[in-house]
Amino acid sequence: MSPGSGVTARARRWARLALACTLGAVAALLAASGPGGLLILVAGVVGAALAAAGTWWALAHHGVVRWAGVLLVVGAPVAVLVLYTRAGVWPAALAAIALWGAAILCARKALRQIRRPHGMRAVARALPRRPVLIMNPKSGGGKVGRFALVEKAEALGARVVLLDPSVTTDVAALARQAVAEGADLLGVAGGDGTQARVAEVAAEHGLPFLVISAGTRNHFAMDLGLDREDPARCLEALTDGEELLVDLGTVGGLPFVNTASFGVYAEIVQRPEYRDAKAGSALEALPDLLLGYAGHPLYAQTDDTRLESQQALLVSNNPYAAPEPTAVGGRRPRLDLGVLGVVGIRVANAAQAADIALRGAGAASLTVLTCSRISIGSDTGRIPVALDGEALTLPAPVICAIRPHALRVLVPRGRPGPPTVAPPPDWRAVLALAFTRPEPGPA
Ligand SMILES: Nc1ncnc2c1ncn2[C@@H]1O[C@H](COP(=O)(O)OP(=O)(O)OP(=O)(O)O)[C@@H](O)[C@H]1O
């Protein structure tokens, strides 16, 4: 939307406040005695760049270099604070940082006012009469038992199929059998990988699908706006539900609901020790993967863009709001835009890591785009993929695509809704907003 359309007086006030705070931050820098303002600015930027470079050395190396990196991550911000104090500029620095923070908050608030209402639109549907729910008793460390999901679901008239934790069950086959026996809704209490496999069967048969947030991470449930603290609340959809029509991603013909990750992260989750000691195993493996990756880089081709020598590629079912590698636990504001989100990462040294810390999604080592289809290749015959966090390898090239509005998801009408997303502020839009005449509001 252009800033001129639908601009309200309130949006303009927030935009002007954002600009006033920005000017205030600049004034605080100028007010610092002598070259103090420049010192604050330069020391701040250098400190952030050094901390990012330290992060790179800590992740991409072993031994002494790793420890030197850790020292830099901790030491750089401390050194900046000491410098501010010794130069007597800390009050000005504090004021500048506080005003800059306020400017960003106001800018986001202004932009939120002009954004079109963006929740996914739910429609009323007849409630299911023969729902079948597949539950994994081991998911989320035993949430099925802890929240009495079997008893609660059966009390609402659902048939529950409990997975046997001692064997790996083909859940798609179970779901197909349930459909053959007359199920009119399929649901899963389990991790996102299991959700994807059963969701595909539901989509294939045009049946509604119920997501029960009984996994550990529950990213799909989060972006659907479901309750992640109490999975039992997802069952309310069986008696008071409505439907969302969402997209499904496919990788080499396999379904995914959140992400397909190629490269460094995919290599880490292939390791058998990953499930038991996730952080430790990742730290052990990262140096080889990051620095040794030159041997088998990834390349990718969309309809109009080619990406060369990528270390990691993250393909998501709809784009993330803040597509930066530092935006851990990101969110997708919508799951029904009919496009894949793609983030390509190519970091070879500490300077490029620092560039990402300073410029975020604008850094040269990051590529952020959306597309409806992407082909991913490598000079090896098979490519490791983490599909909704689960490890597999697929023959290259791997084709990722989106199936728009393929899945009907039944959600409770009283769901909490997704947490609000704060995208990075677009200052050109804020500037335009601040000086645009507001449109007359409704009577
Ligand atoms: N089809 C299956 N049959 C039997 N066991 C399974 C099946 N799928 C997963 N498991 C096992 O169940 C456990 C829980 O996995 P699941 O992915 O459901 O939840 P989680 O790991 O707690 O959540 P998340 O996927 O969010 O990390 C794992 O040990 C996994 O190996």
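Remark: segment 128-145, residue by residue, has Karplus-estimated 3J(HN,Hα) of x, 10, 10, x, 10, 10, 9, 10, 9, x, 8, 4, x, x, x, 5, 4, x Hz, where x stands for each Gly or Pro and the curve is 6.51 cos²θ - 1.76 cosθ + 1.60 at θ = phi - 60°. When each of the peptides 95-106, 213-224 is scored by how many other beta carbons lie within 10 Å of its residues on average, the order from highest to lowest is 213-224, 95-106.
Dipole magnitude for segment 55-168: about 660 debye, using +1 per Lys or Arg Cβ and -1 per Asp or Glu Cβ, origin at the Cα centre.
Packing, taken as the mean count of other beta carbons within 10 Å per residue, orders the peptides 254-264, 185-195 from highest to lowest as 185-195, 254-264. Using the Cβ-Cβ distance between Ala20 and Arg331 with R0 set to 25 Å, the FRET efficiency from 1/(1 + (r/R0)^6) comes to roughly 0.25. Hydrodynamic radius of segment 130-216 by the Kirkwood approach over all distinct alpha-carbon pairs: 12.6 Å. Ranking Pro412, Ala401, Cys371 by how far each Cα lies toward the positive end of the dipole of segment 367-417 (charges on Cβ) leaves Pro412 at the top. Loop-resident GluC sites (Glu not before Pro) (DSSP state other than H, G, I, E or B) in segment 94-186 with no more than 15 further Cβ atoms inside 10 Å of their Cβ: Glu181.
Distance between the C-alpha centres of segment 380-406 and segment 68-142: 29 Å, rounded to the whole angstrom.
Laboratory data are not the source of any read-out in this text; all were calculated from the coordinates shown. No experiment lies behind these values; they were computed from the predicted model shown. Quick reminder, even Gly has a Cβ in these numbers, built from the backbone with ideal geometry, and neighbours come from all protein chains shown.
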